[in-house]
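Rule-based calculations on the coordinates, nothing more; no lab input. Bear in mind that the values here come from a model prediction, so they are computed numbers and not experimental data. Glycine gets a Cβ as well: all are built from the backbone with ideal geometry, and neighbour counts include every protein chain shown.
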Amino acid sequence: MGGICTYKELRIWQEGMVLVEKIYRMTEGWPREELYGLISQTRRVAVSIPANIAEGFRRFSSKDYIKFLRISQGSLSELETEVMIAGKLNYFSDEILQDVLKETEKLTKMISLMISKLSNNSAPRATDYAP
């Protein structure tokens with residue numbers, strides 16, 4: 001299979017978009033007083049994950065792309081922290097918390113694999129980065 005032509009073909013971007021949707025749906029039920037606090041911050045950081053994957057894809061070098069992928073990894077850690085805080089505040093069930101943490105762990109592994117491939121100068125392929 002040939003090289004990837006657009007970031008939309010990347011499994012990590014697609015998985016990031018799924019995670020954003022989950023976060024938006026999950027935060028809909030949080031208390032209204034969190035609208036400009038935890039809800040806003042959690043949504044923004046979730047959106048930044050696939051956004052940085054997409055932005056990095058358009059950069060001119062693997063080194064630049066890796067930088068944006070690492071930013072996405074940092075955002076994943078921030079997202080996990082915010083979701084754990086919301087869990088401690090009983091904004092959702094432990095089952096939902098575990099589901100989101102499982103998703104963030106999977107995406108972190110996928111991004112790490114892509115960083116490794118780019119560090120070794122391997123061209124990304126559409127079949128790469130499967131969970």
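Filtered by the rule that a residue be surrounded by fewer than 17 Cβ atoms within 10 Å (Cβ to Cβ) and in contact with an Asp or Glu (Cβ under 8 Å, 6 or more places away or on another chain), the stretch 96-116 gives LEU101, LYS106, LEU113.
Taken over the stretch 9-25, the criterion of being under 21 Å from ARG70 (Cα atoms) and in contact (Cβ under 8 Å) with a residue 40 or more places away in the chain is satisfied by GLU9, LEU10, ARG11, ILE12, TRP13, GLU15, GLY16, VAL18, LEU19, ILE23.
Of all residues in the stretch 1-59, those satisfying the criterion of being out of contact with any Pro (no Cβ under 6 Å at 6 or more places or on another chain), among the aromatic types (Phe, Trp, Tyr) and either exposed (fewer than 14 other Cβ atoms within 10 Å of the Cβ) or farther than 16 Å from ALA86 by Cβ (or both) are TYR7, TYR36, PHE57. Selection over the stretch 79-93 of residues that are surrounded by 17 or more Cβ atoms within 10 Å (Cβ to Cβ) and not aliphatic (A, V, I, L, M) gives a count of 5.
Looking across GLY87, GLY74, GLY56, one residue alone is farther than 17 Å from ILE4 by Cα, in contact with a Leu (Cβ under 7 Å, 6 or more places away or on another chain) and not aliphatic (A, V, I, L, M). It is GLY87.
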